[in-house]
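The values are calculated or read from the model by the stated rules, or taken from the named source; none is laboratory data. Remember, it's a predicted structure, so these values are computed and weren't measured experimentally. Here the Cβ is made from the backbone with ideal geometry for all residues, glycine too, and neighbour counts use every protein chain on show. Only protein heavy atoms, including side chains, enter the accessible area calculation; ligands, DNA and RNA are left aside. Shrake-Rupley method; radii C 1.70, N 1.55, O 1.52, S 1.80 Å.
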Amino acid sequence: MNRNTSHGLVLPLVFAVLLIGSSADAQKAGAKPAKAPRQAVPSVPVLEPKAIELLKASSARLAAARSMAFTAVVSYESPSRLGPPLLYTVRSEVMLQRPDKLRVLALGDGPPTEFYYDGKTMMAFSPVENVVAVAEAPPTIDAALKAAYDSAAIYFPFSDVIVADPYKDIADGLQRAFYIGQSHQVGGTTTDMVAYIADDVFVQLWIGAADQLPRRARAVYLNDPVQLRHDMELSNWQLDRPLPADSFGSSLAAAATRIHFARPDPQLPAGSKPRGKGKPAAPHKQSATP
């Protein structure tokens, strides 16, 4: 979404209407048409206080949790050879324990994948091919997420939800934020809707009114010429519940054929800068290639 966070979405537009009076006779006489007074354009705060308050409250709720589990269903558009985009969906079962444990089991439109991080090593496992990439990992979830992306282009669209300080990740590139209103159609509960622009991503976010937990996010990358849309639904939230000690490893993954962590995308030329804060152009499934 920015890196986060979190993802069509359209910014509310304020139309200034300019009416120009004219008549056939005036045109024939060469007279200039009279201009109607310009309509006043309502002021729209760049960072609306209510929107910031909701973003901070949700981020604080997530940051305070020592452990969490949730389901993330991510749908994203991808260009097709026929023109209109195709839609792909990935369902991830996520479990983490701060500061140094994470598990992501992903099923979707493609082979399943599994990711494990236990504070010392990280493993990206492909059960169908029975191959696993294993590497030493830094001592925090945030640092492990960065290492996974830098070394193998592994990126999770819900990373904004699981970092140590979700609001900081948003605020670093925050340009606009405004409150939309309430919805009763998402997550089986009442939600507050907020929209914001951070870095080059426009996000609409649904936040539980009672529990401050994110329930849905839709995003568009503003520099994407075709404005592909990305949608994420978050459900089955469990915060601060005991997690099984063996949750963050897999005997099957450990016994699989080893491959190296490697990026599947072309490497940038020497001296060039990555996009954004090391985020990919669009959410995609984790991968670890030989």
Open item on the list: Every residue in region 212-238 that is closer than 20 Å to Leu54 by Cβ and loosely packed, with under 15 Cβ neighbours inside 10 Å, please.
Closed with: Ser235
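Can you pull out every residue in region 117-133 that is over 20 Å from Ala245 (Cα atoms) and buried (at least 17 other Cβ atoms within 10 Å of the Cβ)?
Passing the criteria: Ser126, Val131, Val132, Ala133.
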- [ ] Answer yes or no as to whether Ala209 is open to solvent by less than 30 Å² (accessible area, probe 1.4 Å) and either of a type in the set (A, V, I, L, M, F, W, C) or farther than 18 Å from Arg91 by Cβ (or both).
- [x] no
